[in-house]
Amino acid sequence: MAVRVVVGAQWGDEAKGKVVDLLAQDAEFVVRYAGGSNAGHTVCTDGHTFKFHLIPSGILHPQVTPVIADGVVIDLRALEAEVNTLREQGIDIGRLRIGLGAHLVLPYHRRLDELEEARTEGRIGTTRRGIGPTYADKAARIGLRIADLLDPDRFRARLRRALEQRNALFQRVYETEPLDLEALAAEWLHYGARWRDQFTDVPALLQDALAAGKNILMEGAQGTLLDLDYGTYPYVTSSHPVAAGACLGTGIPPRCLDEVWGVAKAYTTRVGEGPFPTELADEQGDYIRERGREYGTTTGRARRCGWLDLVALRYAARLNGFTALAITLLDVLSGLPTLRVCVAYRLDGAYTERFVADGFTLARCEPIYEELPGWQEEIGDCRHREELPPNAQRYLAFIERYVGVPIRLISVGPAREQTIWQ
Ligand code: IMP
């Protein structure tokens, strides 16, 4: 029996979907624990490409029970659309379990996210999926949960209360149209009736699974540097992508976590606003973006690209307690004559090897680089670490030494088989 957590070690988009799909081969439960439809996980199998936003990537394995746990915020309209696409691709959704404690993303959350992002000042560069406003309502205790859908009167009453506040805001502050209570209630109660059999007491389900010695894989979304508390605040998401968030989001006790896998690209990307010390605003950044197909799965936005930031990666390793690293997209770096990795920062004239999570302070950090020789060969066909060009092996060894965590998986292309296991 093992409980494994897969955590994004950077600013999201680390190709966690592929890693989860691979690790799900011997899992009985694959559990999304945080975030919502802001996530976009891509899995490529036998010539097919699947894109997931809310549904755990592990659903592709027939023995897996996929679970959306209580820490996730769920837009049922987005879930319906995702399910329809997956059904057309022949995926059985009947096994999906949805947490009764999960909060609902409602159209007014999306609308608020969009209105706030339309401002020019103070913009976070969110995915506009309503994530921030939903978690804000959860903390303010005016959120609606999956469980509310089981009792239409209670759902309507809670929705009326929330909507009164929101509509006042829409009309008086943003000078836009109010939302209609009845139309909203009818649509969401309709989803509730349809999904009813899949609503589940997730902590109980997973605690029974633990007692029965089942293998549980917890699938993180976003990344450590986007964590609400430990990321580059305020340029963060509103949930807890870190490993500790897996316990909060699922009801699995911390002492039950056996392995924490950190997934990092061989370089760094970021979407949205916020500091990014190793960003490359030049043709090397363009080279990485084009070779890595660095465009968002959820929003299609071009991702900002830069060198690997080892200061940030070691911060993530310590914060999450990584027991293993998965390095993805190593193949993207082929063809660059020299590679740089950030090993320290200069902050207001002083040298530091410590990560600075505060978003405004990080913006003042200049990267200090170590230069490593690149390699020219394409590596998509390598299946053993020893088959990689010597400079690629040196690059990986440098990462391991600096971060202090063994690399157990190296991805050299999008396909399942383009993987090196250690
Ligand atoms: P939100 O999660 O939509 O509120 O966006 C907050 C910040 O997190 C923005 O910078 C987004 O670009 C970023 N973000 C949210 N989800 C993801 C993701 O899945 N991958 C990468 N960045 C994300």
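Please verify whether region 73-87 includes one or more residues that are touching a strand residue (DSSP E or B) at 6+ places or on another chain (Cβ under 7 Å), in contact (Cβ under 8 Å) with a residue 40 or more places away in the chain and open to solvent by 20 Å² or more (accessible area, probe 1.4 Å). Checked region 73-87: no residue is touching a strand residue (DSSP E or B) at 6+ places or on another chain (Cβ under 7 Å), in contact (Cβ under 8 Å) with a residue 40 or more places away in the chain and open to solvent by 20 Å² or more (accessible area, probe 1.4 Å).
Confirm whether Thr134 is closer than 19 Å to Thr232 by Cβ and within 14 Å of the ligand (Cβ to nearest atom). Spelling it out, it is not the case that Thr134 is closer than 19 Å to Thr232 by Cβ and within 14 Å of the ligand (Cβ to nearest atom).
Figure legend. Inter-residue proximity from region 230-247: first residues under 14 Å from Glu219 (Cα atoms) and at pLDDT below 95, second residues more than 14 Å from the ligand (Cβ to nearest atom) and assigned to a loop (DSSP other than H, G, I, E, B), beta-carbon distance below 7 Å, spacing 6+ or different chains. No pairs are indicated. The criterion of being in contact with a Gly (Cβ under 9 Å, 6 or more places away or on another chain) and either free of Cβ contacts under 8 Å to residues at least 12 places away in the same chain or within 12 Å of the ligand (Cβ to nearest atom) (or both) does not hold for Gly306.
Within region 239-259, being at negative phi, surrounded by fewer than 24 Cβ atoms within 10 Å (Cβ to Cβ) and either within 14 Å of the ligand (Cβ to nearest atom) or not in a helix (DSSP H, G or I) (or both) holds for Pro253, Leu257, Asp258, Glu259.
Residues in region 27-54 that are surrounded by fewer than 24 Cβ atoms within 10 Å (Cβ to Cβ) and either within 14 Å of the ligand (Cβ to nearest atom) or of a type in the set (Ser, Thr, Tyr) (or both): Gly40, Thr42, Thr45, Thr49, Lys51, His53. Could you please find all residues in region 201-219 being of a type in the set (A, V, I, L, M, F, W, C), crowded, with 24+ Cβ neighbours inside 10 Å and out of contact with any Leu (no Cβ under 6 Å at 6 or more places or on another chain)? If the condition is that a residue be of a type in the set (A, V, I, L, M, F, W, C), crowded, with 24+ Cβ neighbours inside 10 Å and out of contact with any Leu (no Cβ under 6 Å at 6 or more places or on another chain), then Val202, Leu206, Ile216, Met218 are the ones that fit.
Let's see how each residue does on (1) closer than 28 Å to Gly12 by Cβ; (2) touching a strand residue (DSSP E or B) at 6+ places or on another chain (Cβ under 7 Å):
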position: Glu164; (1), (2): no, no
position: Gln171; (1), (2): no, no
position: Tyr174; (1), (2): no, no
position: Pro178; (1), (2): no, no
position: Tyr191; (1), (2): yes, no
position: Asp201; (1), (2): no, no
position: Glu219; (1), (2): yes, yes
position: Thr232; (1), (2): yes, no
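Here's the yes/no breakdown for (1) closer than 15 Å to Ala9 by Cα; (2) part of a loop (DSSP other than H, G, I, E, B); (3) open to solvent by less than 40 Å² (accessible area, probe 1.4 Å):
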{"site": "Gln284", "(1), (2), (3)": "no, no, no"}
{"site": "Ala312", "(1), (2), (3)": "yes, no, yes"}
{"site": "Arg318", "(1), (2), (3)": "yes, no, no"}
{"site": "Tyr345", "(1), (2), (3)": "no, no, yes"}
{"site": "Ala357", "(1), (2), (3)": "yes, yes, yes"}
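Counting just the residues of region 112-163 that are of a type in the set (Asp, Glu) and at pLDDT below 95, which one comes out surrounded by the most Cβ atoms within 10 Å (Cβ to Cβ)?
Taking region 112-163 first, the residues of a type in the set (Asp, Glu) are 113-114, 116-117, 121, 137, 148, 151, 153.
Remaining after also requiring at pLDDT below 95: 116-117, 121.
Values: Glu116: 16, Glu117: 18, Glu121: 4.
Result: Glu117.
In the condition set (1) within 16 Å of the ligand (Cβ to nearest atom); (2) acidic (Asp, Glu); (3) not in a loop (DSSP other than H, G, I, E, B), Glu273 is compliant with all but (3).
Scanning region 328-351 for residues that are within 18 Å of the chain's Cα centre (by Cα), in contact (Cβ under 8 Å) with a residue 24 or more places away in the chain and in the same structural domain as Ser411 (by TED's automatic domain parsing) turns up at least one hit. Just give me the residues in region 359-377 being aromatic (Phe, Trp, Tyr) and assigned to a loop (DSSP other than H, G, I, E, B), in sequence order. Listed by number, the list holds a single entry, Trp375.
This table checks each residue for (1) touching a Phe, Trp or Tyr at 6+ places or on another chain (Cβ under 7 Å); (2) more than 26 Å from Phe52 (Cα to Cα); (3) more than 16 Å from the ligand (Cβ to nearest atom).
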position	(1), (2), (3)
Gln171	no, yes, yes
Thr176	yes, yes, yes
Leu179	yes, yes, yes
Glu182	no, yes, yes
Leu189	yes, no, yes
Thr200	no, no, yes
Pro203	no, no, yes
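For the criterion of being open to solvent by less than 30 Å² (accessible area, probe 1.4 Å), under 14 Å from Pro277 (Cα atoms) and out of contact with any Ser or Thr (no Cβ under 8 Å at 6 or more places or on another chain), Phe322 fails.
The values are calculated or read from the model by the stated rules, or taken from the named source; none is laboratory data. Computed from a predicted structure; not experimentally measured. Quick reminder, even Gly has a Cβ in these numbers, built from the backbone with ideal geometry, and neighbours come from all protein chains shown. We work out accessible area using only protein heavy atoms, side chains counted, and drop any ligands, DNA or RNA first. Shrake-Rupley method; radii C 1.70, N 1.55, O 1.52, S 1.80 Å.
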